[in-house]
Amino acid sequence: MQVPAEGGCICGAVRYRLTRRPLALYVCHCTDCQRHLGTAFGMSMIVEAEGLEILQGDPKLFARDWPDGRQWRGRFCAGCVTRLWGEPVRVPQFRVLRPGALDDHADLVPDAHIWTRSKLAWVSIPPDVRCFEGQPTDEELLEVIVARHEREQRVWT
Ligand SMILES: [Zn+2]
Ligand SMILES: [Zn+2]
């Protein structure tokens, strides 16, 4: 993926620019993503908060604290309810972008699939992609980030 890259919500009120290369891209098959997004799986791109600039609009904050201690924070467009990115409380230096809202997303290929134990039966994952049955540990996530970085070094040098 080339940076800078721009994206925005479906009504056009919110526009943003990504100025740093993403750290990781994964597909999540968890039942929260399925329900929250109302679809088969979610796609998430981990980016550095400093590399995400709002060009236009004022995305609203979504905040929800769950009884089990999980804290959801994210931004969406109030006009069209496009979910733009998550703002993880535990690691505020990152954003979890919904990369389908990037203008140019046709060539995005996930580095990993997570929560495959609740994957819909018809979704088939290519054999060479890293899979996790549940939530990867921080260490495993770091391995995914490093593997992506090494792949990109090979492509770009
Ligand atoms: Zn909008
Ligand atoms: Zn999920």
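Data for the structure
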{"item": "Top-ranked residue in the stretch 1-32 [being in contact (Cβ under 8 Å) with a residue 40 or more places away in the chain, in a strand (DSSP E or B) and more than 12 Å from ligand 1 (Cβ to nearest atom); ranked as surrounded by the fewest Cβ atoms within 10 Å (Cβ to Cβ)]", "result": "Glu6"}
{"item": "Subset tally (residues that are among the acidic types (Asp, Glu) and within 15 Å of Gly51 (Cα to Cα)) for the stretch 80-122", "result": "1"}
{"item": "Unmet requirement for Asp128, which otherwise passes all of (1) part of a loop (DSSP other than H, G, I, E, B); (2) under 16 Å from the mean Cα position of the chain (by Cα)", "result": "(2)"}
{"item": "Residue in the stretch 34-66 that is farthest from Asp103 (Cα to Cα), counting only those that are exposed (fewer than 15 other Cβ atoms within 10 Å of the Cβ) and touching a Ser or Thr at 6+ places or on another chain (Cβ under 9 Å)", "result": "Glu50"}
{"item": "Test: residue in the stretch 54-64 that is away from ligand 2 (no atom under 16 Å from the Cβ), in contact with a strand residue (DSSP E or B) (Cβ under 7 Å, 6 or more places away or on another chain), at pLDDT 95 or above and in a helix (DSSP H, G or I)", "result": "no"}
{"item": "Boolean, Pro67 is under 20 Å from Arg151 (Cα atoms) and either in contact with a His (Cβ under 6 Å, 6 or more places away or on another chain) or assigned to a loop (DSSP other than H, G, I, E, B) (or both)", "result": "no"}
{"item": "Meets criteria (surrounded by 15 or more Cβ atoms within 10 Å (Cβ to Cβ), within 16 Å of ligand 1 (Cβ to nearest atom) and of a type in the set (Ser, Thr, Tyr)) for Thr82", "result": "yes"}
{"item": "Tally, over the stretch 70-100, of residues that are part of a loop (DSSP other than H, G, I, E, B) and either closer than 14 Å to Tyr16 by Cα or hydrophobic (A, V, I, L, M, F, W, C) (or both)", "result": "8"}
{"item": "Any hit, the stretch 88-100, residues being within 23 Å of Arg130 (Cβ to Cβ), in contact (Cβ under 8 Å) with a residue 60 or more places away in the chain and among the basic types (Lys, Arg)", "result": "no"}
{"item": "Checklist (1) away from ligand 2 (no atom under 16 Å from the Cβ); (2) assigned to a loop (DSSP other than H, G, I, E, B); (3) farther than 27 Å from Glu152 by Cβ; (4) of a type outside the set (Phe, Trp, Tyr) applied to Thr39, failing item", "result": "(1)"}
{"item": "Residues that are away from ligand 2 (no atom under 13 Å from the Cβ) and either over 11 Å from the mean Cα position of the chain (by Cα) or not small (Gly, Ala, Ser) (or both), drawn from the stretch 22-36", "result": "Pro22, Leu23, Leu25"}
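The values are calculated or read from the model by the stated rules, or taken from the named source; none is laboratory data. Since we're looking at a predicted model, the values are computed, not measured. Please note: Cβ atoms are built from the backbone with ideal geometry, for glycine as well, and neighbour counts cover all protein chains shown.
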